[in-house]
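Below is one structure, written out as structure tokens; comments come after it.
Read-outs: derived from the displayed coordinates by stated rules, not from any lab. Bear in mind that the values here come from a model prediction, so they are computed numbers and not experimental data. In this analysis, Cβ positions are derived from the backbone assuming ideal geometry, glycine residues included, and neighbour counts consider all displayed protein chains.
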Amino acid sequence: MSVTVRRVLIVLSILLTLIVITTIVFVRVYLDPLLKDQLEEKTAQSSQGMYALQIDRLHVNLFTGSAELDGIHLTTDSIRWDSMRHAKPDEAHLKIALQIRRLRLKNINLLKYWRTKEIVLDNIIVRDPQINMSSARDTVLEKSPKSDSLAKGMLDRLPLMIAPFAKSIHIGSVTVSNGKMSLRTLLLQKTSYQQADSIGLALRNIHIVANDTSETGRALFAENLSLNIRNYELYPTGDLYGYRINAASLDGQKGLAKLEVVTILPKTTDAEFMQRLKLRTPRLKIRMQEILINHLDLFRAIHQKELNMESVIVESARIDVYQNKNLPLSRFKRMPHELFRSIKPHLNIDTILLRNSIILYTEFHGEQEGQIEFENVNGVILNISNDTLKMSNATPARIDARAELMGVGLLDLSLQIPLLSPTFQCDYTANLGKIDMTYLNRLVEDQNKFRIESGNAERILLKVQVRNGLAQGTIEATYDDMKISVLRPKDGSKKKLVSVVANIILRGKNERGSENHPFKVGAVYYRREPTDGILRFIWRSAYTGLMETLVPRNISGGKLPD
């Protein structure tokens, strides 16, 4: 190599080094502070001083096309926020407090953006974000019906929002780790609140095209979405209950969601809860060890507010129901078909499975408390939908369940109900296996003033058809060695003579019948009352037939349970 060439190379190396040093100095001394100031200034300008952005450190690397931001703080001017609330009380105003410990943008292709106006970067990494939001609305305006039921929200307007700045945005991945969030909503001075921590979010291959409002079928514009959260809590406005999830995970690619230890509990103590009630409303305590959702359509859930899933599996649930029957009933209760006809969002669940669960029902009536337990509850619910193409009288929803009644009798239940029918109709059957009938005193003694002293039921079979709110059917019962005592209404003492007569009548037919000819058949005939919910209706209609198999109507008085 000649001396001249060598000198040229040395000069070029020095020049290149100087350029690099100059660029680094330029970026550190001029560009980084300029970008930082511009971001903070533009945030304030675009929000009309509502929001203030502060960045502790910002650094841009022009050679690698990366950016580093540390100590990001976004705050809301409380005075302006309160002023906006009072100026426009019918709008929802959002108060934000956002902190991000570290934000990294890697491999931004600046040359491509300069040439084609396409934003391309490899990934965005967000570490330790924490966002606290408050939304307030002081009036409620009647909403006019929308011509387009799939009106686009902010998320689906992103393609229109990026149009002035870029033709498209492509991001290889977005990763959020160790996040926290809280949201407080104030509506007409009533507050709802939700929070979660340990939030992890991963999005892969995000692609947004400007002005492209077509449905891509990709949730959050990403090929894959995964989410993990812990300690989620929700306390809705005006609701008596709080909802908690210990851990939740979502795999968008598989359409799989898993919820661990889900609880629904009153916000107050039991005593305070019951004191607030003016009408008969059950107090619920629900704990589900695990809920597994398969083939959830995330795109339709997020972008179109539609719920489509193949199956929901509920494992090891405990449902504790407490009812104060001293309170008056509400004047009207809606049946399932009335509820489903009022649901506006599209809902479709092919299968719901309930496994290894317990249902405990306790009621307080007068000064006495009674309890019924259903153990080892397993069941399946099919075709839960408000889609008119799937739900009809010919293709109703179906429930099949099995449980141990008070640990001594096996109960099978089957119910078919069209959820979009204009009138209340359904078909249901129940089969109770061998059981000591004295256990049923909890159900019949208070209402009918008689008590079962001894006897077993070999089998009790119920078949009922409901049309236009009228239940008609039969109960077939086979009893063995049944004895009863008729009680005085005032003090519950035994009427000895009447009891003897009743047992003579009962004993006359109290013989084992064949399977095809049970010794006693009771007629079910009951018309729905406005105060009936679905469970009360089924129980009262079954009760009409059950009493006929036990005692004559002139002894029972035909009184139905309250």
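At-a-glance table
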quantity	calculated
Proxy reagent accessibility, fewest Cβ within 10 Å first, across Ser541, Ser421, Ser135	Ser135, Ser421, Ser541
Scaled radius of gyration (Cα, divided by 2.2 N^0.38 Å) that region 293-332 gives	2.03
Pair-distance profile P(r), taking every C-alpha pair of region 243-332, with 10 angstrom steps and integer %	15, 31, 26, 22, 6, 0
Cα pair distances in region 240-422, grouped into 5 Å bins until the bin that holds the longest one, percent each	1, 7, 12, 14, 18, 19, 16, 8, 3, 1, 0, 0
Among Ser78, Ala44, Leu111 - extreme Cα towards positive end, dipole of region 37-111, charges at beta-carbon	Leu111
Residue pairs, from the table Lys95/Lys180; Lys190/Lys305; Lys112/Lys167; Lys333/Lys463, whose Cα atoms sit over 18 Å apart	Lys190/Lys305; Lys333/Lys463
Long pairs among Lys496/Lys520; Lys117/Lys344; Lys267/Lys344, criterion Cα-Cα beyond 32 Å	Lys117/Lys344
